[in-house]
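The block underneath contains the structure these notes are about, expressed in structure tokens.
Read the figures in this text as sums done on the coordinates, not as results from a lab. Bear in mind the structure is a predicted one, so any value in this text is a computation, not a measurement. Every residue, glycine as well, gets a Cβ built from its backbone with ideal geometry; the counts of neighbours run over all protein chains shown.
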Amino acid sequence: MASTSFFAELKRRNVLRAATLYAAGAWLLVQVVTQVGPVFSLPAETQRWIIIAAAIGFPFAMALSWFYELTPEGFKRDADVVSETSITQQTGKRLDRAIIVVLSLAVVLLLANLFASRRIADGEAVAPGKSIAILPFRDLSPNHDQGYFSDGMSEELLNALAQVKDLKVAGRASSFHFRDAGDDLGAVGKALGVANVLEGSVRKQDKQVRIVARLVQVADGRELWSHEYDGDLSDVFKLQQDIATAITDQLRVVLVGGQKDHLVPELTANPDAHALYLRASETFARRDGAHFPDAIAQLQQAIALDPKFARAHARLAAVHVVSSNYVPVDLDESLKQAEAEAQAALALDSQLAEAHAVLGAAAQARRHYVDAHVEFDKAIAIDPRDTLAIGWLGLLWSTTGDVPKATQCYDRILAIDPLLPSAIAWRASSYFRDGDNVDARRLFEQSVALGLSWSEARFADLEYADGHKDVAVARATRGLQAHLAEFPQGTAAILAQGIYGDDPAARAKAIAAVEAYLATKPKSVAGAAPWALMRLGEPARALEVSALGPTGNDTLMYRDIWSFLGKDVRILPQFGDYLRTVGIAAFWDRYGPAPGCHRNRDGRYACE
């Protein structure tokens, strides 16, 4: 009875109407703030406090509606108008009308959101206004031989703008893919999900440089801003800072801390050292293994000109740490040099994500997987957009068997740089492992079209699974070339025929080719050797070779061990001991075993 009486009192005092109005109004306010706020550069913290204030205000609004009535003469205490029934009724009607208006606005906004969501589902999403792609600047130098320099200018601007909060910046591989986009900037915006494009040119002659930059809104091709900058090579970083600041001004992005004056870091005071760094970086970005010795020499020369050039040390470390994947090298010596240069870089600048990533990659190459994970975490904490560190972390999870976590890394990379060929190929492999051959084929084809030749070696497994044996052999022959630099010419075709062909003699010939290579007793075994033995039906021999020590490319074998292609390896009785020998068990002790694996009472791991 008491509760009924209380409810009636709430109704009489219009508290229920006031609660409905407040809730609807607060919801509408939150929707407007979260959608319109970014347009006016309203900080996320301010938006958050508005939402909190709306929640805190609810009990106060209810208390006000309990004690006061809104009358034509203003607010009055409820006790003073309790007998004025008509006034109370009029107040209720006013609140009803207000509720109807607010709810109508809420319905309109909800329908607008649903329409926008439908457009997103249909692939018609509108890119955020604060988003940009930095296209490679054109080389207008007299001899057109400064492409490395103009590309470097673009990349350094991209890296600087990527550090700006609330600004979406398309990754390097994706932006540079549209080098020859011409006037079709709408296609660039649609492909990369950006609303603006920065394009321009660089003219370098002797020590003088001219940079012309133009910011274009891709939706209508309208030029938002353009400017011409002149200076000498010692002014390069200042010119880049001016361009970056002008862009953030145009896009109404708020710079924090010292970004207004130091958004583009001054890497070195020596222009010649900077030019050498840009040349080597171009080689590294293309993973042009044949010219890695040139890149190493250029970076060493840059460091000789400026011993405090931290990024040159870090880039030299990066070239050393990946060398074994592309050219025959002494693996241990390359890793030692990579570690030394990375430590030198960190001694000069402790916030270099690339240096931490290299230390992680070196630790992984040595099969020190726990140390690798620690370093990758440090790199990503410094730069959450560092696709190199994220990719290497993905390879770590792939190597240690946690394919779902590896896939999360590849998806994270593709959200930053959707046309990065290596991430596309690894994501395709994940689809194939999960039985999604349609999406796997789509991404494998895309990676090949983007020029990633080694992805054909993985594509071959899909072709074979789909019944295209001859195509599988052809793809494997082309794709395996990148992994067989230490083998005799023609080995790729021999291995492809042995793995994907039907002739037992071809299989025997392929095994013999691998054993002939191993008989030379290489100091660092190529990763292709144990992988090929595993794929040729020799799982025990594959583990024996792999257990001898780190190979030049361990991930080549581990990619298949954790898929259905490696079942014969995983069921071997010695597999548990092998996991301990190569360091994977130690990693699992720290982070937990891979899906499908478990630890027995004796401490040994077993897998399905």
### Query
In the structure displayed, which of 336/378; 190/405; 405/567; 190/238 lie more than 22 Å apart, Cα to Cα?
190/405; 190/238
### Query
Of the listed peptides 275-282, 130-137, 213-220, what is their order by residue-averaged count of other C-beta atoms within 10 Å, with the highest listed first?
130-137, 275-282, 213-220
### Query
So how far, in whole Å, is the C-alpha centre of segment 541-590 from the one of segment 137-174?
41
### log10 of Debye I(q)/I(0), alpha-carbon scatterers only, for segment 131-266 at 0.10, 0.14 Å⁻¹
-0.29, -0.58
### Message
What is the sum of charges, Lys and Arg at +1 and Asp and Glu at -1, for the other residues whose Cβ falls under 15 Å from the Cβ of residue 475?
### Response
-1
### Query
Under a point spin-label approximation (7 Å from Cα along Cα-to-Cβ), what is the residue 207-residue 567 distance to one decimal in nm?
7.0
### Task
Provide the net charge surrounding residue 282, with neighbours chosen by a C-beta distance below 15 Å and charges set as Lys +1, Arg +1, Asp -1, Glu -1.
+1
### 3J(HN,Hα) from dihedral phi, segment 213-226, Karplus parametrisation 6.51/-1.76/1.60, rounded to Hz, x for glycine, proline
10, 9, 9, 10, 8, 6, 4, 10, x, 6, 7, 7, 6, 8
#### Entry: segment 131-266: relative contact order in percent, alpha carbon pairs under 8 Å with at least 6 residues between
25
### Summary
For residue 204, counting only aspartates and glutamates whose alpha-carbon sits under 16 Å away and dropping same-chain residues fewer than eight positions off, the answer is 139, 145, 151, 228, 230, 232, 235, 272
### Query
Where does the charge balance sit around residue 532 when Lys and Arg score +1, Asp and Glu -1, over other residues with C-beta under 15 Å from its C-beta?
-2
## Note on the structure
Extension length gain for residue 374 and residue 351 (0.36 nm per residue less Cα distance), in nm, is 6.8 nm
